[in-house]
1. Six or more apart or on different chains, Cβ atoms under 8 Å: show the pairs whose first residue is in region 453-465 and in a helix (DSSP H, G or I) and whose second is basic (Lys, Arg) and open to solvent by less than 20 Å² (accessible area, probe 1.4 Å).
2. Restricting attention to region 298-311, which residues are open to solvent by 30 Å² or more (accessible area, probe 1.4 Å) and either within 15 Å of the ligand (Cβ to nearest atom) or modelled with pLDDT under 95 (or both)?
3. For region 468-481, check the following and say yes or no: at least one residue is touching a residue at least 60 places away in the same chain (Cβ under 8 Å), farther than 21 Å from Thr311 by Cα and among the aliphatic types (A, V, I, L, M).
4. Here is a check on your reading of the model: is Asp196 charged (D, E, K, R) and in contact (Cβ under 8 Å) with a residue 60 or more places away in the chain?
5. From the residues in region 102-127 that are open to solvent by less than 60 Å² (accessible area, probe 1.4 Å) and among the hydroxyl-bearing types (Ser, Thr, Tyr), which one is farthest from the ligand (Cβ to nearest atom)?
6. Does Leu290 satisfy being among the hydrophobic types (A, V, I, L, M, F, W, C), part of a strand (DSSP E or B), within 24 Å of Lys193 (Cβ to Cβ) and open to solvent by less than 10 Å² (accessible area, probe 1.4 Å)?
7. Any chance you could count how many residues in region 70-101 are more than 22 Å from Asn24 (Cα to Cα), within 16 Å of the ligand (Cβ to nearest atom) and either open to solvent by 10 Å² or more (accessible area, probe 1.4 Å) or out of contact with any Lys or Arg (no Cβ under 8 Å at 6 or more places or on another chain) (or both)?
8. So which residues in region 24-45 are open to solvent by 10 Å² or more (accessible area, probe 1.4 Å) and over 18 Å from Ser418 (Cβ atoms), if there are any at all?
Amino acid sequence: MGQVTWWRGGIIYQVYPRSLMDSNDDGVGDLQGIIAKLDYISSLNVDAIWISPFFKSPMKDFGYDISDYRDIDPMFGTMADFDELITKAHSLNIKIIIDQVLSHTSDQHAWFQESRQNRTNSKADWYVWADPKDDGSAPNNWLAIFGGCAWEWEPRRQQYYLHNFLKSQPDLNFHCDDLRQAVLDNVEFWLKKGVDGFRLDAITFCYHDELLRDNPAKPKGQRQGRGFSEDNPYAYQYHYYNNTRPQTVGFIEELRALINRYPGAVTLGEVSSEDSLATMAEYTQGDDRLHMAYSFELLTDDFSAAYIRQTVEELEASIGNGWPCWAIGNHDVQRVVTRWGKGESNPDLVKMLNGMLFSLRGSVCSYQGEELGLTEAPIEFEQLQDPFGIAFWPMFKGRDGCRTPMPWSKDAIQAGFSNVAPWLPIPSAHAENAVDAQEHNAQSTLNSYRRFLAWRKQQPVLVSGDIRFVEANVSILAFERELAGNKMLVLFNLSEQSTSFDFDGYQLNAELNEHGLLAGKLVGNTIELPPFASYFANIK
Ligand code: NOJ
């Protein structure tokens, strides 16, 4: 694969820096911890790492509230540590994608500190300020995802400011030219440091409707999806006016023009809109927008062959020359094994889920711990850190359960993550699945993950071939991948019951069994698929 296109079909391993490795025994992971684990990450055969934010922040949203875009939070280390991290990653041929939170800042950011003072300062319109209604109430009905009204009163200006997330995360006003330029300058700072790309947080939230129109109500029954449920009133609205505004495409094009000046750098947008698949397609069209985008469509609770097929087919129908990135887990949702596997960490299920993710057409974000099959950690209310969880407990317990520290060593203190109690507890079940407990077991989920990715690199058809779904029994996800006339049949049994696939109509070229997943077997004209088994074959 050429340097410039590594990202097409690339595997991006997501590092949540607070929880990868604590090098200085303060209970929180850090950049030196990531450096110490780069050899491990390299052994997974991934192409890149996306590191969640490590910039200066009061950590109200654990780094997604940035107070200085050009500095490292002391909790995570120093700029010298980051330089060392890039150098070592590159020496291991691992690309570095950093997280850019462009839509909002922390309320501690110097821009906001100035903007909130009065209506005349040099940053007065860098945030979204609006007068109250005549009765003093908020300008409109917009809601914040993390609970309550999206507007917060600022006495100094006698105005409200907009926040789509926490009230300590004021939204920037992208309609302001100077602000957009300042944002782009911050991005360029990191391009000059040699990063290979950006994951763009909440990119659909950059713009708001300048007329501040009310969002329409969403009827009951349609309030699912996008990671929200009826437990959160945010799901009761169509977010037409505070999300995915038409101007966003213009900003994306400005951003891309900057990125293009640094050949090889890529962009990965986080999309959450009323029609996320359509937005993924729109934002990645042509050569002047984002390189790739992911959304929450496979981060939901729906786990069936029909749902995955429908999602991917719908995207494929509109993506054109755009490019998707798929994820089945990340730091915002319950661990996939718990969400899709009814809580059990069955190794065959874990292997199948990872193999399936790596076989879809597109790039992939694979979240730290998925190689170990980590389950959602049970967190007591008293232990909760995530303000989202605290606000919606007990109906929604927040995102702490997927953010607990990595278990490195089964018998070590704090599973080898730290020598002191970490910021979130490590469940004993996680320690059982620690890296060192899996390392020497050829059948472990960890070694399956490594083997699959090594094998995948030898299968260009899986990296960038077209995808076409095939009819099969209800529990089977069946598709063909095709590249330059080479065709591969790919089957996954998503259920805990055995099933079979009728091979009639196919001519076998070669059965492929080196992938490290539990393999199905061709018997006569039938492929027998034990629970969670997979089957790959080159076909004519
Ligand atoms: C999406 C991030 O993934 C999430 O963790 C964060 O809370 C919000 N954006 C706000 O930045």
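The values are calculated or read from the model by the stated rules, or taken from the named source; none is laboratory data. The model shown is predicted, which means the values in this text are computed figures rather than measured ones. Here the Cβ positions follow ideal geometry from the backbone for every residue, glycine too, while neighbour counts run over all protein chains shown. Side chains included, ligands, DNA and RNA excluded: accessible areas come from the protein's heavy atoms. Shrake-Rupley method; radii C 1.70, N 1.55, O 1.52, S 1.80 Å.
1. If the second residue must be basic (Lys, Arg) and open to solvent by less than 20 Å² (accessible area, probe 1.4 Å), the pairs left are Val461/Arg481; Leu462/Arg456; Leu462/Arg481; Val463/Arg456.
2. Passing the criteria: Asp301, Asp302, Phe303.
3. No, every residue in region 468-481 fails to be touching a residue at least 60 places away in the same chain (Cβ under 8 Å), farther than 21 Å from Thr311 by Cα and among the aliphatic types (A, V, I, L, M).
4. So Asp196 passes the test.
5. Selected residue: Ser115.
6. When the stated conditions are applied, Leu290 does not pass them.
7. 1
8. Of everything in region 24-45, those that are open to solvent by 10 Å² or more (accessible area, probe 1.4 Å) and over 18 Å from Ser418 (Cβ atoms) turn out to be Asp39, Ser42, Ser43, Asn45.
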